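To keep things clear, I will list the structure first and then write my remarks on it.
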Amino acid sequence: MKDTEKYLIHATIAADGVVERSDVVGAVFGQTEGLLGDELDLRDLQESSRVGRIDVAVESENGQSFGEVTVASSLDKVETAILAAALETIDRIGPCQASVEVTGIEDVRAAKRREVVERAKELVAGGFEETSLRSDDILAEVREAARVEGIVDYEGLPAGPRVGDSDAVIVVEGRADVLTLLECGIKNAVAVEGTNVPDAVADLTADRTVTAFLDGDRGGELILRELAQVGDVDYVAFAPPGESVEDLDRNTVFEALRGKVPYSSLADEPNLREAAAGDSGGAPDDDGDSGVVADEARGAAADGLVEAVEDAPAPGAIDAEAADREEVGEERERDSADTAGGDTDGDDTADDDAGRDEGTAAADDDANASDDTADGDDTADGDDAGSDSDDADTADAASDREASDGSAADAPLDDEPRSIEEHVQEVVDAGSDRARLLGDDRGVLAEVDATDAFDAVESAETAPHTVVVDGLIDQRLLDVAAQRGVSELLGREVGQFVKRPVGTRVLTVGDLRAGS
């Protein structure tokens, strides 16, 4: 009956005397028998399982009895209502006067539906595992897994994959520090896993260039002192005071490693961290043969293991370099415009530039330049009134020939092949709001405003191999790049794409430096 019941009839009883459950059940069957005809006879309905068991709960108090009656029904709504009304005709229970009142008819299916709804709300709120299908999240998760898998076991210690064959190693404190350096592209780190330096690390320092890169706390100092006692330490670098290596970002990691100092200058100092901070200004240049990070970067760059380690100048250097290049670019544009116009001023400008170049070359080749050469320089620098010096005339004639033959070859050329990282620094890191089109050899084909990147790619005579944009790469730019056969699009950020052509790789600057 539990599986087929549709309704529950709820009724209350009150009797003037003490009655029991059996008295109530007998009164229900006895006083309703024959009342509704054969089709609605309660006994027949119960035998055919159309009416369920009659549940009775009775309590007696002060000579009176009170209770509840519940009858389950699988009849339709009208038949159930008639059966409920028949219960109210009962006026006697056992020997006592009694009254029955139906308090309600409950739709069992509605109650179940309410339970289903409430449970569904609970499941929606907390029953689903939070998942994300964004492409960036998927890439980040897979990339993180790949970096974790990059940790190898070096004689029982967590280490980067290049520790076994690298000429230089970086000793850190724990596994998390190794993972942080892996995320920065540095794969020659090994962890000591505590203040007790293992023999494997001590033996490793015997024939390698060793840099100890430790936390900026007292524990880092203790590890350094023990490492120096059992092994050979060449350089020392500390995380900023109070910070751990595992918590540093990429820029802070490289800044700390660039500031490494020789351990020999710290060996007798009572406070190694303060001494290292004081000596960091005189640390050896990373371009030197002994630079651990630079050496590792040069050794690993060919194998694609460490990216952008050596080519990451300080922000100030980037700004100065970008400003110099911008100034040189403006001079070249002026020279090109004047030469194309062929006017007298353009010839004078070409003479001036050629004279300056010739004077500079003469100064470099011969520190004791003659007065005649100096006079020629003065004439080339803009004495348009003329000169009586034959040397100056000769210099002007040579300058004219160099200008007509393309004297700009002595200056840095925009189409000179350079690294992708250098182009990214000049265009994106410098915040130039420009777009640069690069050829197969990474030389500059054209440079335009970032907003004109679409038109530049579309109208370029030679299809670029790579486009670097200081801005957003959207679907429109990606489509025209794919049509022109561009292999790479590099930008500050990437928009949402409805379709993504297979032949064109789209990366942000962060993806490029993270090793995508």
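So who's got an amide H within less than 5 Å of the one on Gly471, skipping anything under 5 residues away but keeping other chains? H placed 1.01 Å off N, in plane.
Those qualifying (amide H under 5 Å, at least 5 residues apart or on another chain) are Arg492, Glu493.
For an R0 of 25 angstrom, estimate the FRET efficiency from the Cβ-Cβ distance between Val78 and Ala14 and round to the nearest 0.05.
On the way: r = 28 Å, r/R0 = 1.11.
Taking R0 as 25 Å, the efficiency between Val78 and Ala14 is 0.35.
Less than 11 Å from a label point 7 Å out along the Cα-to-Cβ axis of Ile138: which backbone N atoms in region 499-515 qualify, by residue?
none
Each residue of region 99-109 in order: what ³J(HN,Hα) in whole Hz does its phi give by Karplus 6.51 cos²θ - 1.76 cosθ + 1.60, θ = phi - 60°, with x for Gly and Pro?
9, 10, 10, 7, 8, x, 10, 9, 7, 4, 5
Can you tell me what share of the DSSP beta bridges in region 72-198 is antiparallel? A percent to the nearest 5 is fine. Could you put the intermediate results ahead of the total?
Values: 6 of 9 bridges.
Percent antiparallel among DSSP bridges in region 72-198 is about 65.
Pull out the extension gain between Phe128 and Asp441, defined as 0.36 nm times the separation in residues minus the alpha carbon to alpha carbon distance; nm, one decimal. Walk me through the numbers on the way to the answer.
Details: separation 313, 0.36 × 313 = 112.68 nm, distance 5.12 nm.
Length gained between Phe128 and Asp441: 107.6 nm.
Quickly work out the Arg418-to-Glu61 label distance, labels modelled 7 Å from Cα along the C-beta direction, and quote it in nm with one decimal.
9.4
Can you bin region 442-516 into rounded, prolate or oblate? Criterion: square roots of the alpha carbon gyration tensor eigenvalues sorted a ≥ b ≥ c, rounded for a/c under 1.5, prolate for a/b above b/c, oblate for the rest. Present the calculation step by step, with values, prior to reporting the outcome.
Details: a/c = 1.42, a/b = 1.25, b/c = 1.14.
Judged from the Cα gyration tensor, region 442-516 comes out rounded (a/c under 1.5).
Label-point separation (nm) for Glu33 and Asp449, each offset 7 Å from Cα along Cα-to-Cβ?
If labels sit at Glu33 and Asp449, their model points lie 10.2 nm apart.
Once you have the Cα-Cα distance between Thr462 and Ala176, take 0.36 nm times their residue separation minus that, and quote the gain in nm to one decimal. Don't skip to the answer; put the middle values down first.
Values: separation 286, 0.36 × 286 = 102.96 nm, distance 4.78 nm.
Extending this stretch completely gives an extra 98.2 nm.
Straight-line reach from Lys260: which lysines have a Cα under 27 Å away, not including same-chain ones fewer than 8 places off?
Lys260 reaches Lys187.
Taking a 1.4 Å probe, which of Phe29, Phe128 shows the most accessible area, and what order do the others take after it? Write out the running numbers ahead of the final one.
Numbers: Phe29 25, Phe128 145 Å².
Most to least solvent-accessible, the answer reads Phe128, Phe29.
Using DSSP to define loop residues, name the trypsin sites (Lys or Arg not before Pro) in region 448-516 whose beta-carbon has at most 16 other beta-carbon atoms within 10 Å. Write out the running numbers ahead of the final one.
On the way: sites: Arg476, Arg484, Arg492, Lys499, Arg505, Arg513; in loops: Lys499.
Counting only loop positions with at most 16 other Cβ atoms within 10 Å, the trypsin sites (Lys or Arg not before Pro) in region 448-516 are Lys499.
I'd like the FRET efficiency for Ala111 and Asp199, computed as 1/(1 + (r/R0)^6) with the beta carbon distance as r and R0 of 45 Å, rounded to 0.05.
Working: r = 73 Å, r/R0 = 1.62.
Given R0 = 45 Å and the Cβ-Cβ separation, E is 0.05.
Could you work out how much longer the chain between Leu472 and Glu88 gets when fully extended? Use 0.36 nm per residue separation minus the Cα distance between them, nm to one decimal. Please list the in-between numbers first.
Details: separation 384, 0.36 × 384 = 138.24 nm, distance 7.89 nm.
Value of the extension gain: 130.4 nm.
Residue by residue through region 163-169, which ³J(HN,Hα) values in whole Hz follow from phi under the Karplus form 6.51 cos²θ - 1.76 cosθ + 1.60 (θ = phi - 60°), with glycine and proline marked x?
Once rounded to whole Hz, the list reads 4, x, 10, 8, 7, 10, 10.
Tell me which lysines have Cα within less than 23 Å of Lys121's Cα, excluding those fewer than 8 residues away on the same chain?
Partners within reach: Lys112.
Ranked by accessible surface with a 1.4 Å probe, highest first, in what order do Glu79, Glu173, Glu61 come?
Numbers: Glu79 55, Glu173 35, Glu61 120 Å².
Largest to smallest exposure gives the sequence Glu61, Glu79, Glu173.
For region 1-101, what does the alpha-carbon gyration tensor say about shape, rounded, prolate or oblate, given a ≥ b ≥ c as the root eigenvalues, a/c under 1.5 as rounded, and a/b over b/c as prolate?
Values: a/c = 2.21, a/b = 1.74, b/c = 1.27.
Here region 1-101 falls in the prolate category.
Quick check on region 115-245: take the gyration tensor over C-alpha atoms, sort the square-rooted eigenvalues as a ≥ b ≥ c, and tell me if it's rounded (a/c under 1.5), prolate or oblate.
Details: a/c = 3.26, a/b = 2.42, b/c = 1.35.
Judged from the Cα gyration tensor, region 115-245 comes out prolate (a/c at least 1.5, a/b above b/c).
List every residue whose amide H lies under 5 Å from the amide H of Ala446, counting only residues 5 or more places away in sequence or on a different chain, with H placed 1.01 Å from N in the peptide plane.
Leu437
Which ³J(HN,Hα) values, rounded to whole Hz and listed in residue order, are derived for region 497-502 from phi using the Karplus coefficients 6.51, -1.76 and 1.60 in 6.51 cos²θ - 1.76 cosθ + 1.60 with θ = phi - 60°, glycine and proline given as x?
10, 6, 9, 10, x, 6
Solvent-accessible area per residue for region 184-253 at a 1.4 Å probe radius, Å²?
With the other protein chains kept in place, region 184-253 gives 41 Å² per residue.
Among the GluC sites (Glu not before Pro) in region 426-516, which ones are in a DSSP loop with at most 10 other Cβ atoms within 10 Å of the Cβ? Mind listing them? Display every interim value, and only then the final one.
Working: sites: Glu426, Glu447, Glu458, Glu461, Glu488, Glu493; in loops: Glu461.
Passing sites in region 426-516 are Glu461.
The values are calculated or read from the model by the stated rules, or taken from the named source; none is laboratory data. What you are looking at is a predicted structure, and each value in this text was computed from that prediction instead of being measured. We place every Cβ from the backbone using ideal geometry, glycine too, and count neighbours over all the protein chains shown. Just the protein is used for accessible areas: all its heavy atoms, side chains included, with ligands, DNA and RNA removed. Shrake-Rupley method; radii C 1.70, N 1.55, O 1.52, S 1.80 Å.
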